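Here the structure comes first, spelled out in structure tokens, and everything after it is commentary.
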2 protein chains.
Amino acid sequence: MRLLTALFTPRRVLLVGASRRPGTLGRLLTENLGVFPGELICKSSGDVLGEDCRDVDLAVLAVPSRVIPSIVDQLACKAKVIVVLSAGFAETGAAGRDLQAEVIAAARPARVIGPNCFGVQDCNALLNASIAAGLPLAGGGIALVSQAGTYAMAARAYSHDDRVRFSKVIALGNASDVSAAELMAELRTDPASTTLCFAVESLPDARAFIEQVRLTTPRKPVVVYKAGQTDAGARSAASHTGAVAAPSSMLRDALAQAGAVQVSSGEELFDAAQVFDMQRPLAGPRIGVVSNSGGAAVEMVDALAQQGLSVPVLSDPLRDRIAAQLPGFASARNPVDITPVWSQYSQLYPEIVEILAESGELDAVVVLLTHRAAGDEETVQAIASRCGMSKRPTVPIYVCTIAGRAVRATLHPLQDAGIPCFDGPTRTARALGHVYRYTQARARGITPLQPLPDPPHPRLSIDRNELAQLLTRFGISITPSRLCRSLHEVEQADVQFPAVIKIAAAEHRTELDGVRLNIKSQQELIAHAADLITRAGSDGGLLVQPQLTGVEIMVGAVRDSSLGPVVMVGLGGIWVEILNDIAFALAPIRHDDAIALISGLAGYPILSGARGTFPINLDRLASVVVQVGQLCAEYPDISTLTLNPVIVTGTDAVAVDWKSTSP
Amino acid sequence: MRLLTALFTPRRVLLVGASRRPGTLGRLLTENLGVFPGELICKSSGDVLGEDCRDVDLAVLAVPSRVIPSIVDQLACKAKVIVVLSAGFAETGAAGRDLQAEVIAAARPARVIGPNCFGVQDCNALLNASIAAGLPLAGGGIALVSQAGTYAMAARAYSHDDRVRFSKVIALGNASDVSAAELMAELRTDPASTTLCFAVESLPDARAFIEQVRLTTPRKPVVVYKAGQTDAGARSAASHTGAVAAPSSMLRDALAQAGAVQVSSGEELFDAAQVFDMQRPLAGPRIGVVSNSGGAAVEMVDALAQQGLSVPVLSDPLRDRIAAQLPGFASARNPVDITPVWSQYSQLYPEIVEILAESGELDAVVVLLTHRAAGDEETVQAIASRCGMSKRPTVPIYVCTIAGRAVRATLHPLQDAGIPCFDGPTRTARALGHVYRYTQARARGITPLQPLPDPPHPRLSIDRNELAQLLTRFGISITPSRLCRSLHEVEQADVQFPAVIKIAAAEHRTELDGVRLNIKSQQELIAHAADLITRAGSDGGLLVQPQLTGVEIMVGAVRDSSLGPVVMVGLGGIWVEILNDIAFALAPIRHDDAIALISGLAGYPILSGARGTFPINLDRLASVVVQVGQLCAEYPDISTLTLNPVIVTGTDAVAVDWKSTSP
């Protein structure tokens, strides 16, 4: 039996911790589950869980944490899924972590949701196994998986405020057993859930999550709000410096490549959910705007442009058709401004929307209603009935209001007709931007994650020379490099000029002025060598290399505890840290994905030959990225691997310096 | 008599266009002005404006545009300020522009607000000379000047929704006579207005506006919403390419330097206004957060961090004091999580807020209320009465809610007690970020704009050589440059190696591979010269220069029609366009402001010697910026002036290439 079936289509539900005392959680839960049409068994905290608790699909526990292990032990073979609402587990420290581990162990073969969670809701099945006093509106395709109770709770308020309809709400709490990734796999095939939303704080196995996102987004939009973005951002996981990379950037890039819709607040999560659930995808960037205020229309144009959407010029015939409908001072250009002709709103708005929507010149229409229009029931009703989803408009239609709070309830007919309504141009454009980018990502195609090589190579401690051999074995060109341990050895070396000499130990090399470039003669070389030995001693040795000319690129890999092997590429040299122009991808990576990764860099024009630079050999560079990722994936004992710089020319990509670290 | 006195403290008000017919604008205006406690004279459209219309302070006109000139003509010597609400002027085209000019001419000596405007409101004086059916709440210090009627109209809804109190609302409409800058000068000395908000679409004299902002921000915050940010952004005004600069970036930089609070939507404007009006400045970045939800608190930490604000670790004694108040599973760390202990909210929230606010460890406290807490009247009332402004808390206190719309009205006691309340962490943190940055800017000191040199130099057509002389006269080092018109002249030239040879005509120089660097010998030089002549012909000539080594910087100036002379500095070479790392300032500029401008570049670490680069001579570069600005200001016939690159070393800043354009 699928996890989701037991969770959301239970026949028998058991509540442990039921109570009749007003104001208690037990009383609230008893009432919430009271409306459930299936069979409900209520037990208070001290009751024996006997034979009547057999064959329970879903057990909901709201009793003090210390008694949970023994209750779970009694239920293990009686219930399929156990939802533990109680707090006092891993979130409180070491003792709580032990107690939580005890619960999971005792529960097998049953599965556990929580502990320390809000509960679960199925809006269509009238199942409210949660601490919220009521369900969101049913009948929509939005499934919300939220680690924190806040957003699960907010779903109901948002739903009733804006007539947004949900299928299921699941709170993960401490996510001790059932994970976000596992729920995504279940929801992917749930016909009732067509827009999947995830609000998560921790992702202990982010790779598994990304894997599920990549399998899901070709079929359904996945909206992700990952809290703790800046905390994680501060804990840098860069390989060679504390400043260039952070797990949050890695996760952000990996989610984008997986086609996820990424948001940065709960509000943005619900807004995206609303627009995905109510309307079909946005096929292109061309937006028509109808407004009764020129000023607000300008704000809308700005907000749309910031999302990569356009408000294009209309054709002359279309403009003439619109002008024929409008009063004297109104503007038939896009944005169409019907001006404050209050008495004509209910006729003009739907008329103009219809003309724009059916024109073939636009991919969507945004209706902007300021206070007086938004509060006019007749106008709202007219737009809802003539432009709603039941009329199958050719392109999606959205409403944006600039109006007081009291007016918002007037908009319900629009939302009930499948027209999303948002407060203000910024929120409206932000939601449209999400739909547009998702549509584009899906059109480009989203492929499953490349599998990790199996079995991994054995433990390996790698010095610089061994790493050079390994790189060569993976087909990565490295610059020939002669290690000299004395001035005498430098004198004896067979050197190709122009040459480079540098301190072999990479740490503080730049600060010690330990790299000398563009050396033209044996005499210059010896002089630099002597100076470097004075500065750094000769213990670590000096490296003599031929000087290469090309664009400096950094290629690296990092083994993240949650994402696994991650490959990165960016502009090299001093630009790495100052510009932070680095792109990440989960490794192993395919060649065409590596090319897309490089092409997405802000500095890409420099690589592609813009403005007098020469085009680099993109294929060779992409191969280095692919191979560095492969190498990191195959050698789990490499924690970080950095090639900086890789000198890329029109013909080759050659690593000039390389290093790795182990756990 | 001051403009503001006639506008807002009128004794006699005349309405032309009064009507008794329900549903008309004339009727609405008659009712709106009916509550005005002073003397009101109402005339309908056709009435004679006789002796009874003498000594009118404020005349409000709402009659068809074609009759406005004759009415204004009759009123010119009878009224001090004429507010023209009617549309049908410059916004409709050429004929309307002429009509508008006629109105302004006819009005002298009276001043005109509008036409095509919402009107004016003085909330304290009960003056509602606008098309809004009611005033915002009075008693606050917010003055709003809005070009569009939308935001003037929205002020009332926002005010009543969130108990935000206004002093004055003025809509500019076509701003044909009285400008935003003039109103700022008036409002600067208006004791009733302590937070000045401007929502503008066009700024025909942006320099005058900036000048007023610089005079005002040392005394009062000025919040600016400039619509059309991306439209303007697309119209690039760069001197040497279509991609590097745009008036919107110039205006943004100039406003920032003037200490303005810049927002990008109407909603953000009102949020900033609320937080400035209700609470004192935010002296530092340390924010304490109290929440009843761990998940929402993480979102708040993220949002604050994105604004440059911190949620610091509390001292052990402070944590102990807080822990002593909290229930078992709660967290006394910052953010403090009191957990969902519903029954204790009304006691715990104010208690913890007080402890945090008085601790001396924080600069502000944010109270996060999720649905159940925000909707609990007892809790809200307890926070309002114990932490409101009347209790003079040591640091500002703000409330953030994650709750349904219905709950918002419950918050009014907080806002009436001077505690701003915002929906969601993003909006809350955004408002705090504005207060924090304004406080910082004010602490750094904001100086008046440098005056333009007077009188300007006469017309001047400048070729490359004359420009070189001019640069030298302004103390700007330029690289010695020999213009050669044939291979023979190159051979004869006295050249210092390493040298550079390039095509003299700057257009498409890079695309033609027309710059040859690092030439070491006469032989190499001749070979390159021959090749360049093959590519480009010898008509324009070739330039031979010594090769300089240093950081490439671009310094330039642009004469903008609205901002006047603007100086710019950024990373030079190919980086200019690819990174778009350019800073602008109104010219002339002071030396220390030029240093601040350079220090603010994203690439500044490269200039200051970070990571093995060498530090450049900042003073010399700043002098070039100052002098380029001065030059542009003194020669109004220079439209653009570009020095790219200026090679900056540890000792000097030398312009290697320069060009200018004329109108």
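The values are calculated or read from the model by the stated rules, or taken from the named source; none is laboratory data. None of these values were measured; they are calculated from a predicted model. Cβ sites come from the backbone with ideal geometry, for glycine too, and all protein chains shown count toward neighbours.
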- Message: Return the residues of region B:505-553 that are within 13 Å of chain A (Cβ to nearest Cβ) and in contact with a Ser or Thr (Cβ under 8 Å, 6 or more places away or on another chain); say none if nothing qualifies.
- Response: B:549, B:551
- Can you tell me which residues in region A:71-98 are assigned to a helix (DSSP H, G or I) and farther than 13 Å from residue A:61 by Cβ? A:90, A:91, A:92, A:94, A:95, A:96, A:97, A:98
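Residues checked against (1) surrounded by 14 or more Cβ atoms within 10 Å (Cβ to Cβ); (2) modelled with pLDDT under 85:
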{"site": "B:454", "(1), (2)": "no, yes"}
{"site": "B:466", "(1), (2)": "no, no"}
{"site": "B:472", "(1), (2)": "no, no"}
{"site": "B:477", "(1), (2)": "yes, no"}
{"site": "B:496", "(1), (2)": "no, no"}
- Task: Output the qualifying pairs, or none if there are none: Cβ atoms under 9 angstrom, residues six or more apart or on different chains, first residue in region A:10-29 and under 12 Å from residue A:45 (Cβ atoms), second residue among the acidic types (Asp, Glu).
- Result: A:16/A:47; A:18/A:47
- Quick one: would you say residue A:363 is buried (at least 21 other Cβ atoms within 10 Å of the Cβ), over 23 Å from residue B:150 (Cβ atoms) and out of contact with any Cys (no Cβ under 7 Å at 6 or more places or on another chain)? yes
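Within the bounds of region A:378-389, is there any residue that is without any contact (Cβ under 8 Å) to a residue 60 or more places away in the chain, away from chain B (no Cβ under 12 Å), charged (D, E, K, R) and surrounded by fewer than 19 Cβ atoms within 10 Å (Cβ to Cβ)? So that I can check it myself, show each step before the final result.
Kept after step one, since they are without any contact (Cβ under 8 Å) to a residue 60 or more places away in the chain, are these residues of region A:378-389: A:378-388.
If we keep only those that are away from chain B (no Cβ under 12 Å) as well, we get A:378-388.
From what's left, charged (D, E, K, R): A:378, A:386.
With surrounded by fewer than 19 Cβ atoms within 10 Å (Cβ to Cβ) added as a condition, the list becomes A:378, A:386.
Scanning region A:378-389 turns up at least one residue that is without any contact (Cβ under 8 Å) to a residue 60 or more places away in the chain, away from chain B (no Cβ under 12 Å), charged (D, E, K, R) and surrounded by fewer than 19 Cβ atoms within 10 Å (Cβ to Cβ).
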- Message: Of the conditions (1) at pLDDT below 95; (2) within 14 Å of chain B (Cβ to nearest Cβ); (3) surrounded by fewer than 24 Cβ atoms within 10 Å (Cβ to Cβ), residue A:402 satisfies every one except a single condition; which number is it?
- Response: (3)
- Message: Filter region A:191-206 down to the residues that are outside any strand (DSSP E or B) and buried (at least 19 other Cβ atoms within 10 Å of the Cβ) and list them by number.
- Response: A:192, A:193, A:203, A:206
- Item | Lone unmet requirement of (1) assigned to a loop (DSSP other than H, G, I, E, B); (2) more than 11 Å from chain A (Cβ to nearest Cβ); (3) within 27 Å of the chain's Cα centre (by Cα); (4) not hydroxyl-bearing (Ser, Thr, Tyr) for residue B:173 | (2)
- Task: Return a yes/no flag: does region A:92-100 have any residue that is more than 14 Å from chain B (Cβ to nearest Cβ), closer than 21 Å to residue A:4 by Cβ and of a type outside the set (Phe, Trp, Tyr).
- Result: no
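When residues of region B:424-461 are filtered for being under 24 Å from the mean Cα position of the chain (by Cα) and within 14 Å of another protein chain (Cβ to nearest Cβ), how many remain?
Filtering region B:424-461 down to residues under 24 Å from the mean Cα position of the chain (by Cα) leaves B:425-452.
Of the ones still in play, those that are also within 14 Å of another protein chain (Cβ to nearest Cβ) are B:425-430, B:433.
Residues in region B:424-461 being under 24 Å from the mean Cα position of the chain (by Cα) and within 14 Å of another protein chain (Cβ to nearest Cβ): 7 in total.
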- Message: When you scan region A:484-505, do you find a residue that is in contact with a strand residue (DSSP E or B) (Cβ under 6 Å, 6 or more places away or on another chain), assigned to a helix (DSSP H, G or I) and not basic (Lys, Arg), even just one?
- Response: yes
- Taking region A:101-128 as the region of interest, how many residues are farther than 17 Å from residue A:4 by Cα, touching a residue at least 60 places away in the same chain (Cβ under 8 Å) and polar (S, T, N, Q)? 0
- Could we say that residue B:194 is more than 14 Å from chain A (Cβ to nearest Cβ) and more than 19 Å from the chain's Cα centre (by Cα) here? no
- Looking across region B:280-306 at residues that are more than 10 Å from chain A (Cβ to nearest Cβ) and assigned to a loop (DSSP other than H, G, I, E, B), the single one that is surrounded by the most Cβ atoms within 10 Å (Cβ to Cβ) is B:282
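Does residue B:497 satisfy the condition of being within 23 Å of residue B:585 (Cβ to Cβ) and out of contact with any Asp or Glu (no Cβ under 7 Å at 6 or more places or on another chain)? It would help to see each step written out before you state the result.
Values: within 23 Å of residue B:585 (Cβ to Cβ): no; out of contact with any Asp or Glu (no Cβ under 7 Å at 6 or more places or on another chain): yes.
Considered against the rule, which asks whether it is within 23 Å of residue B:585 (Cβ to Cβ) and out of contact with any Asp or Glu (no Cβ under 7 Å at 6 or more places or on another chain), residue B:497 comes out as no.
How about region A:324-369: which of its residues are part of a loop (DSSP other than H, G, I, E, B), within 14 Å of another protein chain (Cβ to nearest Cβ) and among the hydrophobic types (A, V, I, L, M, F, W, C)?
Here is the first cut: in region A:324-369, the ones part of a loop (DSSP other than H, G, I, E, B) are A:326-330, A:332-335, A:338-341, A:358-363.
Retained after the next criterion (residues that are within 14 Å of another protein chain (Cβ to nearest Cβ)): A:326-330, A:332-335, A:338-341.
The answer is A:326, A:329, A:330, A:332, A:338, A:341.
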- Search region A:130-140 for residues being outside any loop (DSSP other than H, G, I, E, B) and in contact with a helix residue (DSSP H, G or I) (Cβ under 6 Å, 6 or more places away or on another chain), and hand back the single one that is surrounded by the most Cβ atoms within 10 Å (Cβ to Cβ). A:140
- Task: May I ask you to list the residues in region B:638-655 that are outside any strand (DSSP E or B) and either on the phi > 0 side of the Ramachandran plot or surrounded by 24 or more Cβ atoms within 10 Å (Cβ to Cβ) (or both)?
- Result: B:638
- Count - residues of region A:494-541 that are acidic (Asp, Glu) and within 21 Å of residue A:645 (Cα to Cα): 3
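Do any strands (runs of 3 or more DSSP E) entirely within region A:507-607 hold 1 or more residues that are within 18 Å of residue B:606 (Cβ to Cβ) and in contact with a Lys or Arg (Cβ under 7 Å, 6 or more places away or on another chain), and if so, which? Talk me through it step by step, then tell me what you get.
Values: elements: A:515-519, A:542-546, A:551-560, A:564-571, A:582-586.
Counting at least 1 such residues, we get A:515-519.
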- Message: Checking the structure you have, find out if any residue of region B:378-386 is within 23 Å of residue B:294 (Cα to Cα), in a strand (DSSP E or B) and of a type in the set (A, V, I, L, M, F, W, C).
- Response: no
- Task: Out of A:310, A:248, report the one residue that is out of contact with any Leu (no Cβ under 6 Å at 6 or more places or on another chain), within 13 Å of chain B (Cβ to nearest Cβ), free of Cβ contacts under 8 Å to residues at least 40 places away in the same chain and closer than 24 Å to residue B:306 by Cα.
- Result: A:248
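Results for (1) charged (D, E, K, R); (2) part of a helix (DSSP H, G or I), shown as yes or no for each residue.
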residue	(1), (2)
B:408	yes, yes
B:413	no, yes
B:422	no, no
B:448	no, no
B:465	no, yes
B:470	no, yes
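For every residue, the table says whether it meets (1) under 30 Å from residue B:452 (Cβ atoms); (2) of a type in the set (Gly, Ala, Ser); (3) in contact with a Pro (Cβ under 7 Å, 6 or more places away or on another chain).
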site: B:169; (1), (2), (3): no, no, yes
site: B:173; (1), (2), (3): yes, yes, yes
site: B:176; (1), (2), (3): yes, yes, yes
site: B:191; (1), (2), (3): no, no, no
site: B:201; (1), (2), (3): yes, no, no
site: B:209; (1), (2), (3): yes, no, no
- Query: Has region B:60-70 got at least one residue that is within 14 Å of chain A (Cβ to nearest Cβ) and over 35 Å from the mean Cα position of the chain (by Cα)?
  - Reply: yes
- Query: Looking at B:202, B:193, which one is touching a strand residue (DSSP E or B) at 6+ places or on another chain (Cβ under 6 Å), polar (S, T, N, Q) and in the same structural domain as residue B:7 (by TED's automatic domain parsing)?
  - Reply: B:193
- Message: Need the failing condition index for residue A:594 against (1) surrounded by 22 or more Cβ atoms within 10 Å (Cβ to Cβ); (2) within 19 Å of residue A:465 (Cβ to Cβ); (3) of a type outside the set (Phe, Trp, Tyr), just the number.
- Response: (2)
